[in-house]
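Visitor: Let me begin by handing over the structure; questions about it come next.
The values are calculated or read from the model by the stated rules, or taken from the named source; none is laboratory data. Because the structure is predicted, anything quoted here is derived from the model rather than measured. Backbone-built Cβ (ideal geometry, glycine too); neighbour counts: all protein chains shown. Heavy atoms of the whole protein, side chains included, go into the accessibility calculation; ligands, DNA and RNA do not. Shrake-Rupley method; radii C 1.70, N 1.55, O 1.52, S 1.80 Å.
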Amino acid sequence: MEESEEKLSKLAILSLVLGIFSLFFFVLAGIPAIVIGVISILRIRRSAGTLRGKYIALAGMNISILLMIVFYLLWSIDAPPIPDDYTIADLRSAPSEYAESFEVLKKLLGEETDSSGVSAIEITKSDSRMIAEVKGIIKTGTISEISKALDYFAEEIKQIWADNKVARDVIRRLNEFPEIADLTSPSIDFKIMQLQDLAQLPYLYEVYSHLQIEQDDIHAVTVQLIELDSVFRKLSLNARPLIGKWICNACMTADMVTANSIANNARASQESVEMLAGHFTPLTKEQLSLRNSVLFEYLINRNIGQGKVGKIPLLKRNSTLRLYRNVCDDWINTMEGVEDPNIVKFPVWPSIYQRMGPVSFQGSKSLPLLYICYNPVGAILMRMRFVAHESFLKRKAAIQIHDDLLQIVLNKRLGEEVNLKACAFSDEYIIDVENKKIFSPGPDGKADTKDDIMLRIHPEVLGWRN
C-alpha cells in the first residue's frame, strides 16, 4: 500500500493570511490568526504525517503578534497639541477697572447674601407661578381679562415688588458701571451662578409695569424698566457661559415686550416713549455675538483628558481637541457671518498620517467610521458635547426680530419712518391690523403658525388703520 501524500494545511495558510491582514485589521484579523494557527498545529500533530504546514502556521501566529504590535503603536499615536491655542485672554472682558461689577453682580445672582443671609432676588416658586399666570393672560387675553387679572393679583404683585427692593438697589449699583464684568473661571468645575432667579426679574417687571400702567404711573415704570434692561445689555457684552448669554437674551427679549406694551398705551407720554426709544436702540453686533460663550465652552472642555478620563487608553486627547476646535471655529464663523474659504483647520490625525483626509462633524451626521475606530472615546465625548449650532442661529435670529419689531413700533409711535425689511425667515415683517399684531414667520417660514415671532399692538395708538 502506497503512503498517503502529505497535504498542506489550509488552516495554516489561512493563519498566515490573517496574520498579514492584522496590520490593517488589528485584533479582527490578529486574534483569529493566532487561534486558527494553534488549531492548525494541533491538527498537523495528530495527522500522523498526512498534513504539513506547521511552520507556516507558526509564521502566521508570529506575524500576527508582530503586526498587531506595530498596528497598536501606530494607532496609539495622538495628534500633536494645538499650537497657540485659545486662552482666557481671547475672551472679551470688561476693562479691569470694572472688575468690581462682578462682585456686585454676584449679589444679584444669589452667590453672596446680605448680613441677614437673604439673597437680593426674593421670588418663591409660588410667586413664579403667579407671575407666569398673569404673564400668560397679558400675552393672550383681552383688555378686560388683563385688567381683571391685574386687579385680582394686585396686592401679591405689589408685595413681591416690595420684597425685591434689594435687587433694585443692586441694579442701580450695577448701572454705575459702563460695563459689567463676567469673570467666571473656565474650569471644568466652575460654579454656575443662580441665573434662574435672574430670569424671573423681567417677568416681575412686566406684570408690575402693567399694574402701574393701569394706575397711570407709566413714567416711573419706564425708568425702572430701562434700569433693568441696561444691566442685561451691559452684561451681554461680556457674558461667558452659554447659559448666561441665553439668560441675557431672554431677559432683553422680555424687556422689549414690556417696552412694547408701554409704547402701545395711549396714556404713555411723549417723554416716556422718547425715553424708551433712546434706550432700546438696535442691539449691536457685540451684544448679539455668541463668540465669547462658544470660546468659554471650548476652554472648559479643553480640560478633557485630564484626571481619570485622561487615563483611558482609547482617548486621543489632542485629536479630540483639534476636532472640537474646528467645530467651535465653524460655529463662530457661521454665527458671525464670516465666510472665508482660507480659514485654517487643524488636522485631527498624527503627523505621520500624511495622506489622511479632513474630518468634519455635524450633529445630524455621524463621524467617519475610520475616525471612530481611531478615537472611539473622543468620538463619544464629541457627541456628548455637541449642541446643534442651528439652534444658536434660530435664537439669535429671534432676539434680532424682536429688536426690529420694537424699533418699528417705537418709530411709528414717534411719527417717524418705519422699515419693514426682515432680518430672517421672510422678506418683510407683517402688520396684521385686524388681529392687532406685528410679526415675522418663524423658522418654518409660514405665517400664522406656532413659531411666529410677534409683538401685540394697538393699531389706533400707532396710527395704523385698515
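Visitor: For ALA48, all conditions in the list (1) in contact (Cβ under 8 Å) with a residue 24 or more places away in the chain; (2) outside any helix (DSSP H, G or I) hold save one; what is the number of the exception?
Guide: Just one mismatch for ALA48, condition (1).
Visitor: Oh, and also: For VAL338, are the conditions met, namely being in a loop (DSSP other than H, G, I, E, B) and modelled with pLDDT under 85?
Guide: The answer is yes for VAL338.
Visitor: Exactly one condition in (1) under 26 Å from LEU91 (Cβ atoms); (2) open to solvent by less than 20 Å² (accessible area, probe 1.4 Å); (3) part of a helix (DSSP H, G or I); (4) modelled with pLDDT of 85 or more is false for MET382; which is it?
Guide: (4)
Visitor: Can I ask one more? Kindly check whether there is at least one residue in the range 54-64 that is within 32 Å of the chain's Cα centre (by Cα), surrounded by fewer than 19 Cβ atoms within 10 Å (Cβ to Cβ) and without any contact (Cβ under 8 Å) to a residue 40 or more places away in the chain.
Guide: No; the residues of the range 54-64 include none that is within 32 Å of the chain's Cα centre (by Cα), surrounded by fewer than 19 Cβ atoms within 10 Å (Cβ to Cβ) and without any contact (Cβ under 8 Å) to a residue 40 or more places away in the chain.
Visitor: Only one of (1) under 20 Å from LEU23 (Cα atoms); (2) modelled with pLDDT under 80; (3) of a type in the set (A, V, I, L, M) is not met by ILE56, so which one is it?
Guide: Condition (2) is where ILE56 drops out.
For (1) closer than 21 Å to LYS285 by Cα; (2) touching a residue at least 12 places away in the same chain (Cβ under 8 Å), each residue gets a yes or a no:
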site	(1), (2)
ILE408	yes, yes
ILE438	no, yes
ASP451	no, no
VAL461	no, yes
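Visitor: Let me ask you something else. Among the listed residues ILE146, ILE131, ILE160, ILE180, identify the single one that is buried (at least 17 other Cβ atoms within 10 Å of the Cβ), modelled with pLDDT of 90 or more and closer than 30 Å to ILE438 by Cβ.
Guide: ILE131 is the lone residue from the list that is buried (at least 17 other Cβ atoms within 10 Å of the Cβ), modelled with pLDDT of 90 or more and closer than 30 Å to ILE438 by Cβ.
Visitor: Counting only residues that are in contact with a helix residue (DSSP H, G or I) (Cβ under 7 Å, 6 or more places away or on another chain), free of Cβ contacts under 8 Å to residues at least 60 places away in the same chain and open to solvent by 60 Å² or more (accessible area, probe 1.4 Å), how many does the range 163-177 have?
Guide: 1
Visitor: Of all residues in the range 420-436, count the ones that are in contact (Cβ under 8 Å) with a residue 12 or more places away in the chain and closer than 20 Å to ARG465 by Cβ.
Guide: The qualifying residues number 7.
Visitor: Give the range 77-94 a look and list any residue that's in contact (Cβ under 8 Å) with a residue 24 or more places away in the chain, open to solvent by 50 Å² or more (accessible area, probe 1.4 Å) and either under 30 Å from GLY30 (Cβ atoms) or of a type outside the set (S, T, N, Q) (or both), or say none.
Guide: The answer is ILE77, PRO81, ILE88, ASP90, ARG92.
Visitor: Can I ask one more? Quick one: is GLU97 farther than 30 Å from LEU299 by Cβ and either at pLDDT below 90 or in a helix (DSSP H, G or I) (or both)?
Guide: no
Visitor: May I pose another question? Can you pull out every residue in the range 189-215 that is modelled with pLDDT of 85 or more and among the basic types (Lys, Arg)?
Guide: none
Visitor: Given the residues ALA250, ALA259, ALA254, ALA266, which is the only one that is touching a residue at least 12 places away in the same chain (Cβ under 8 Å), part of a loop (DSSP other than H, G, I, E, B), closer than 23 Å to MET454 by Cβ and not β-branched (Val, Ile, Thr)?
Guide: Within the list ALA250, ALA259, ALA254, ALA266, the selection yields ALA266.
Visitor: Something else now. Taking the range 211-246 as the region of interest, how many residues are outside any helix (DSSP H, G or I) and closer than 19 Å to SER272 by Cα?
Guide: 3
Visitor: Among (1) at pLDDT 90 or above; (2) open to solvent by 10 Å² or more (accessible area, probe 1.4 Å); (3) part of a helix (DSSP H, G or I), there is one condition VAL273 misses while meeting the rest; what is its number?
Guide: Condition (2) is where VAL273 drops out.
Visitor: Would you check which residues across the range 436-466 are modelled with pLDDT of 90 or more, open to solvent by 40 Å² or more (accessible area, probe 1.4 Å) and not aliphatic (A, V, I, L, M) and list them?
Guide: Within the range 436-466, LYS436, ARG456, HIS458, GLU460 qualify.
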